[in-house]
Amino acid sequence: MSFDASSARGDLILTRITKEYGDFKAVDDLSLTIPKGSFFALLGPSGCGKTTTLRMIAGLEEPTVGSIHLGETDITTTKPYQRPINTVFQNYALFPHLTIFENIAFGLRRRGIKDVDAEVNKVLNLVELPHLAGRKPTQLSGGQQQRIALARAIVNRPALLLLDEPLGALDLKLRRQMQIELKWIQKEVGLTFVHVTHDQEEAMTMADTIAVMNEGQIEQMGSPADLYDNPETAFVANFLGQSNLIKGTISGNDGDSLVADLYGQKISLPKSRSHATDNSIYAGIRPEKFRISLLNTPVSGNVLSGGRIEDVSYIGVSTQYQVAMPWGQELIVFEQNDDGVAPFNKGDAVNISWAPIFTFALRGDEDITAGSEVNPEVLDEE
Amino acid sequence: MGKIRTPYLLLLPGFGFLFTFFILPIVNLAQTSTQTPVGGGDTGQYEQTFRFQNYIDAFVENKEQFGRSFIYAIIATVLALMISYPLAYAIAFKSGKYKNFLLVLVVAPFFTSFLLRTVAWKQILGEEGFVVPTLRNLGIISQSTTLTSTSFAVVMGMTYNFLPFMTLPLYASIDRIDPRTLEASGDLYANAFTTFRKVTLPLSMPGVVAGTLLTFIPAAGDYVNAAILGSPNTKMIGNVIESRYFKIVDYPTAAALSFTLMAAILILVTIYIRKAGTEELV
């Protein structure tokens, strides 16, 4: 049995997984297929169950209900050391008593691989740290330890590589660099990567497919562009970037488009981006899709009039405006600073316009604060 | 200038204390070890004659007790290690909210006197205790076998008395191990046994070394356990030194034995630290 498991290959299939700790459901009836060779991200706030899911895939936790398959092989209860799955741990978990070389060789030696030297050197070259082979982990910087942790896992050529907040301990610049590097390495070695993170930018930079998790369930799954442009729930709309959500009703039907009434002003939105179940909706528009114009300027597309600039923050590449609307809501607008002018001042009366295609619609009974209060900087649950 | 002198001034009381109560007695002991009795003098009267033959005489006369001391101490240390390691591991990794309570329990024996606890063992292993009758009924020991006044009792007493000195440094060492490194080991194809051999044990080596030294050194010089739980046949070198000093009033031999014991322990410990310390320690 165990030998079957260790040579298993193929898609990772989670079927109706539930994990309970006492009364608390960390993961709730979750089903998921991760295709072989993909870079897959599990994204969500602290305590959403993403780390628990990862630990069940690694074999460090056993699901209360449900099964995990790797290709044809059921690995639900297989011990971690019998799974062809390796993990890059959150704090790297390098062996402090072993040299870098022996850290990387650890898995190879356990499996009785013959040419340990060649394999270790190859992967040390891949992460560009061959000169550190003789050092101990404590003598390395955080970024170097991160790469060694990655090398220690990929040297085993696992069917699945799990990354648990692998870049969480690095500073911002190094994190951006490592994101690009990880993506490159994944292409280079052609393994399936499953990446757990609370950082939406990190997930979007690297992953082919993102599953957004909330309260033990998957909210939505898709490509980064899909999730960003066409979120299905308020949680996804708020957790991935920012969204302006405006209450409204569907009032008409125009071919591929729907007509919606937002506080008495008509707008149009694509049918394919409506996730409403009845006429009551929240219309969603990303802040950078809005354009601001003074009252006498002609505009096209969807227009909401009667705004007044409430606050202006200059951020360098863009300027962030808060625009108070007649119905009391403040909308957020990002304007690119690409035309050399800072045209709007606090107190200006303005219209807001945008291309109809950039509108999405959520169910009208949603909690529009979902996903916006969580602080993504808080580290993940243990 | 004042700032530079202050640390040394603060060290003075410590130096003074060590000088008076450690250096002077040691020098005194060294002087005593080469003395010989005053011709025609009273018992206990000695003069300095630099007779180094004292050492050879003392050792030859007591080599059996020397050997016994080290064998008992080694057995007690190994037993204490085998008992303490699982205990310290369980407290560090598996005890959850009871961690502090269990640590208090480990130290709790210190709240009663060392002597009393050793005397208690005499009763536990005595004819009226439950151990001997139980073992006899089970046929593990014969009807005529007793446990008190045996080397078994002495080693048990030593193992028990020095157990906390083994457990605490082991606990401190194991508790520092990041449990993620153990998960990482499992993740990298090591089963539980290999994980213990390749990760847990090497990472806890500082505790193993500290614990075995803290057990072995006092055990090798111990005389209380042998005096209370043993017989003349289980005499350790500590008992010889004690009786030479206080009963026979043969100061030079007692001093020579003390120095020999000190030197032997020092050599053994040095070899041990060299062996255990260089390879695997962080």
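Just so you know, all these numbers are worked out from the coordinates, no wet-lab data involved. Model, not experiment: these values are computed from the prediction. Counting neighbours? That spans all protein chains shown, and the Cβs are built from the backbone with ideal geometry, glycine included.
Remarks
- In order through the stretch A:284-291: 3J(HN,Hα) via Karplus (6.51 cos²θ - 1.76 cosθ + 1.60), integer Hz, x for Gly, Pro: x, 9, 6, x, 7, 7, 6, 10
- Between 0 and 90°, nearest 10: helix B:53-89 axis offset from chain B longest Cα axis: 20
- Taking all Cα pairs closer than 8 Å and separated by 6 or more residues, the relative contact order of the stretch A:2-229 comes to 29 percent.
- Each Lys or Arg adds one and each Asp or Glu subtracts one; over the other residues with Cβ under 11 Å from the Cβ of A:G307, this totals -2.
- Cα-based shape type of the protein assembly as shown, given that a ≥ b ≥ c are square roots of the gyration tensor eigenvalues and the cut on a/c is 1.5: prolate
- Distance from the stretch B:146-224 to the stretch A:297-362 (C-alpha centre basis), Å: 69
- Over the stretch B:192-282, Cα pairs under 8 Å with separation of 6+ residues give a relative contact order of 34 percent.
- Most mobile listed residue (A:I180, A:I292, A:I315) in chain A, GNM with C-alpha springs under 10 Å: A:I315
- Among the GluC sites (Glu not before Pro) found in the stretch A:200-241, those both in a DSSP coil and sparsely packed, with 16 or fewer other Cβ atoms within 10 Å of their Cβ, are A:E215.
- Against chain A, whose longest principal axis is taken from its Cα atoms, helix A:116-126 shows a tilt of about 20°.
- Extension gain for B:F193-B:T36 works out to 50.6 nm (0.36 nm per residue, less the C-alpha to C-alpha distance).
- Counted charge near A:A355, where neighbours are those whose Cβ lies closer than 13 Å (Asp, Glu -1; Lys, Arg +1): +2
- With Cα atoms defining each centre, the stretch B:38-65 and the stretch A:122-136 are spaced 65 Å apart in the structure.
- Measuring against 18 Å, Cα to Cα, the residue pairs A:K25/A:K50; A:K136/A:K183; A:K136/B:K198; B:K63/B:K247; A:K136/A:K187; A:K36/A:K187 contain A:K136/A:K183; B:K63/B:K247; A:K136/A:K187 as the ones spanning a longer distance.
- The amide H of A:V88, built 1.01 Å from its N in the peptide plane, has A:L162, A:L163, A:D164 as neighbours under 5 Å, considering only residues 5 or more places off or on other chains.
- Cβ-defined net charge surrounding A:N244, 12 Å radius [Lys, Arg +1; Asp, Glu -1]: +1
- Residue range of chain B that is longest and free of trypsin sites (Lys or Arg not before Pro) which are both DSSP loop and sparsely packed (at most 15 other C-beta within 10 Å): B:52-175
- Helix B:205-221 axis versus longest C-alpha principal axis of chain B: approximately 30°, rounded to the nearest ten.
- Highest-fluctuation residue, B:I74, B:I177, B:I228 considered, GNM on chain B with Cα pairs under 10 Å: B:I177
- For the protein assembly as shown, the mean residue ellipticity at 222 nm estimated from helices alone is -13000 deg cm²/dmol, where every DSSP H run of n ≥ 4 contributes -39500 (n - 2.57) and the total is divided by all residues, rounded to the nearest 500.
- Between the stretch A:54-69 and the stretch A:220-291, the alpha-carbon center distance in angstrom: 36
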